[in-house]
Amino acid sequence: MKVMYSAVQPSGNLTIGNYIGAVRNWVRLQHEYECFYAIADMHAITVKQDPAELRRRTLELAALYVACGIDPEQCALYVQSHVSAHAELCWVLNSLTYVGEASRMTQFKDKSRKHADNVNMGLMDYPVLMAADILLYQTDFVPVGADQKQHVELARDLAERFNKRYSETFKVPEPLIVQGEARICSLQEPDKKMSKSDADPNASVYLSDDRDTVMRKFKRAVTDSGNEILSSPEKPGITNLLNIYCAFHGCTMSEAESTFAGMGYGDFKLAVGETVADVLAPIQAEKERLLKEKDVLAGYLSAGAERAFKAARKTLSKVYRKVGFYQG
Ligand code: AMP
Ligand code: TRP
């Protein structure tokens, strides 16, 4: 079975964009691949975090994944810091990564500007740790957003560099980038991607938003001039709403267009909001139920970490042998 690896940081609230572009696909793919899904808490601390909040978000994210349909028996769902091999492989890869290439990473440059008072080594090492995450599991595919593509490319370069220097060890992974219809845009600026870091809370619908909040955000969503509900490049607002409807209702664009033909913008926005809220309600209820059963959730995570550890240890001991660490 081919291996799929992905991770999300437990920082920020997941949006319906994350759900459509990432989590829902993970659920769909979990039966076709051997999947490892991590909660990247070690990546999260490269920017300042409140410790109690980080702990809370880690558990909440685990509950949310399971509530969205990630089956913890099918996939290894685990917390990155529970598997020490990530940090260990990162150290070996550090000695293979040039300072020049790490400092040229777009996200490192962006984050250095944004957190100018805290340009720490971890921030620069972020993509190397990500390469370690991916390479430990002999991953074939890495589903990520376009912003993470450069990091997956570094993982490929490091895998090839290691293999060339020490002989064939790592599988060279491929990024799987979400595009086209799976891209959900901001409700306020529909030519921009919906993002969990958007400062305007009305721009994004979070998976944790209750029905009233969802409805209010859709009511306020920016639309376009004219009154026809059709998907077109001149109508980014309406197109985005139609896209969201298709993704949540499970239909094609032309089916959605004929459903709403002749309807006013106001009623259309309400219908899209209802559709989204109907999908989110059971996910939220399940998440709350899981958060009340902390032992069950902790059990899933420790089983996930154990499975991940077994796979990771195989790669790590091969790596240690190849680089010349004495192993007795
Ligand atoms: P991010 O929230 O940027 O860290 O992205 C985490 C994952 O969610 C990535 O794999 C993205 O592909 C996906 N994602 C984030 N925002 C969107 C969006 N607006 N539409 C579709 N997918 C998204
Ligand atoms: N850096 C990724 C993000 O912010 C999260 C991540 C950490 C990741 N390790 C990974 C994604 C390994 C894919 C593979 O989205």
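For the stretch 86-231, what does the alpha-carbon gyration tensor say about shape, rounded, prolate or oblate, given a ≥ b ≥ c as the root eigenvalues, a/c under 1.5 as rounded, and a/b over b/c as prolate?
Working: a/c = 2.88, a/b = 2.09, b/c = 1.38.
Since a/c reaches 1.5 and a/b is larger than b/c, the shape of the stretch 86-231 is classed as prolate.
Considering only the other residues whose Cβ falls under 15 Å of the Cβ of residue 266, what net charge follows from Lys and Arg at +1 and Asp and Glu at -1? Mind showing how you got there, number by number?
On the way: positive: 216, 217, 219, 220, 269; negative: 224, 228, 267, 274.
So the surrounding residues net to +1.
From the square roots a ≥ b ≥ c of the eigenvalues of the alpha-carbon gyration tensor of the stretch 191-275, which class results: rounded (a/c under 1.5), prolate (a/b over b/c), or oblate? If you can, show how the numbers build up before the last one.
On the way: a/c = 1.65, a/b = 1.44, b/c = 1.15.
In terms of gyration-tensor shape, prolate.
Convert each backbone phi in the stretch 216-222 into a coupling constant with the Karplus relation 6.51 cos²θ - 1.76 cosθ + 1.60 (shift: θ = phi - 60°), then list the ³J(HN,Hα) values in order as whole Hz, x for Gly and Pro.
For the stretch 216-222, the Karplus-derived couplings read 4, 5, 5, 4, 7, 4, 6 Hz, x marking Gly and Pro.
In nm, to one decimal, how far is the modelled label at residue 45 from the one at residue 211, with both set 7 Å along Cα→Cβ?
4.2
Against the longest principal axis of the chain, how steep is helix 121-136, in degrees 0 to 90 to the nearest 10, with axes from Cα atoms?
80
Per 5 Å bin from zero, what fraction in whole % of the C-alpha pairs of the stretch 58-126 is there, up to the bin with the longest pair?
Answer for the stretch 58-126: a P(r) of 3, 13, 17, 14, 14, 17, 14, 8, 1 percent.
Tally Lys/Arg at +1 and Asp/Glu at -1 over every other residue whose Cβ is under 14 Å from the Cβ of residue 119; what's the total?
Values: positive: 48, 109, 111, 113, 114; negative: 110, 117, 125.
It works out to a net charge of +2.
At a 10 angstrom cut-off on C-beta neighbours, averaged per residue, how do the peptides 3-12, 254-263 rank from highest to lowest?
On the way: 3-12: 21.8, 254-263: 14.7.
So the order, starting with the most tightly packed, is 3-12, 254-263.
Against the longest principal axis of the chain, how steep is helix 149-166, in degrees 0 to 90 to the nearest 10, with axes from Cα atoms?
That helix lies at roughly 20 degrees to the long axis.
Would you mind telling me the antiparallel percentage of the DSSP bridges in the chain, rounded to 5? Intermediate values should be presented prior to the final figure.
Working: 2 of 17 bridges.
Bridges in the chain are about 10 percent antiparallel.
Any idea what the relative contact order of the chain is, in percent, if you count C-alpha pairs under 8 Å spaced at least 6 apart? Write down the numbers at each step before the final one.
Working: 499 pairs, mean separation 73.7, N = 328.
Worked out over the chain, it gives 22 percent.
Lone cysteines in the chain, defined as no other cysteine's Cβ under 4.7 Å from theirs: which are they?
Cysteines of the chain left without a disulfide-compatible partner: 68, 90, 185, 246, 251.
With each run of n ≥ 4 DSSP H residues scored as -39500 (n - 2.57), what mean residue ellipticity at 222 nm is computed for the chain after dividing by its residue count and rounding to the nearest 500 deg cm²/dmol?
Values: 13 runs with 175 residues, N = 328.
Helix contribution divided over all residues of the chain: -17000 deg cm²/dmol.
According to the Kirkwood expression over distinct Cα-Cα pairs, how big is the hydrodynamic radius of the stretch 8-164, in Å? Can you show the working numbers first?
On the way: mean 1/r = 0.0609 Å⁻¹.
With all distinct Cα pairs of the stretch 8-164 included, I get 16.4 Å.
Hey, how many Å between the Cα centroid of the stretch 180-214 and the Cα centroid of the stretch 73-149?
If you average the Cα positions of each part, the centres end up 26 Å apart.
In whole Hz, what ³J(HN,Hα) sequence does the stretch 37-51 give by Karplus (6.51, -1.76, 1.60; θ = phi - 60°), x for Gly and Pro?
10, 10, 9, 7, 6, 5, 5, 4, 6, 6, 10, 4, 10, 7, x
If I take the Cα coordinates of the stretch 1-100 and project them onto the principal axes, what are the three extents in Å, biggest first?
Per principal axis, max minus min of the Cα coordinates gives 38, 36, 25 Å.
Can you tell me how the stretch 204-254 classifies by the Cα gyration tensor, rounded, prolate or oblate, using a/c under 1.5 as the rounded cut? Before the final figure, lay out the partial values.
Details: a/c = 2.63, a/b = 1.44, b/c = 1.83.
Oblate, because a/c is 1.5 or more while a/b does not exceed b/c.
Taking the Cα atoms of the stretch 200-328, report the difference between the largest and smallest coordinate on each principal axis, in whole Å and largest first.
If we take the Cα atoms of the stretch 200-328, the spans are 76, 37, 29 Å.
Using the per-residue mean of other Cβ atoms lying within 10 Å as a proxy for protection, in what order, highest first, do the peptides 117-130, 281-294 fall? Intermediate results must be reported in sequence, preceding the final value.
Details: 117-130: 17.8, 281-294: 14.2.
In descending order of packing, they fall as 117-130, 281-294.
Which net charge results when you count Lys and Arg as +1 and Asp and Glu as -1 among the other residues whose beta-carbon is under 12 Å from that of residue 162? Don't skip to the answer; put the middle values down first.
Working: positive: 156, 161, 164, 165, 171, 318, 322; negative: 157, 160, 168.
Cβ neighbours under 12 Å give a net charge of +4.
Any idea what angle helix 236-249 forms with the longest principal axis of the chain, computed on alpha-carbon atoms, 0 to 90 degrees, nearest 10?
70
At q = 0.29 Å⁻¹, what base-10 log of I(q)/I(0) does the Debye formula yield for the stretch 128-173 when every alpha carbon is treated as an equal point scatterer in vacuo?
Cα-only, vacuum Debye calculation for the stretch 128-173: -1.08.
Normalise the Cα radius of gyration of the stretch 261-328 by 2.2 N^0.38 Å (N = residues in it) and let me know the number. Please list the in-between numbers first.
Working: Rg = 24.2 Å, N = 68, 2.2 N^0.38 = 10.9 Å.
Compared with the compact-globule rule of thumb, the stretch 261-328 sits at 2.21.
Beta carbons within 10 angstrom, averaged per residue: use that to sort the peptides 30-38, 66-74, highest first. Present the calculation step by step, with values, prior to reporting the outcome.
On the way: 30-38: 19.8, 66-74: 16.6.
For the peptides 30-38, 66-74, the packing ranking is 30-38, 66-74.
Cα-Cα pairs above 28 Å in the chain: how many percent? Kindly include the intermediate steps, with their values, before the conclusion.
Numbers: 24219 of 53628 pairs.
More than 28 Å apart: 45 percent of the Cα pairs in the chain.
Sorted from largest down, what three extents in whole angstroms do the Cα atoms of the stretch 166-221 have along their principal axes?
Largest to smallest, the principal-axis extents are 58, 23, 20 Å.
Values in this text are rule-based calculations from the coordinates and carry no lab data. The structure presented is a predicted model; accordingly, all values stated were derived computationally and were not measured. Glycine gets a Cβ as well: all are built from the backbone with ideal geometry, and neighbour counts include every protein chain shown.
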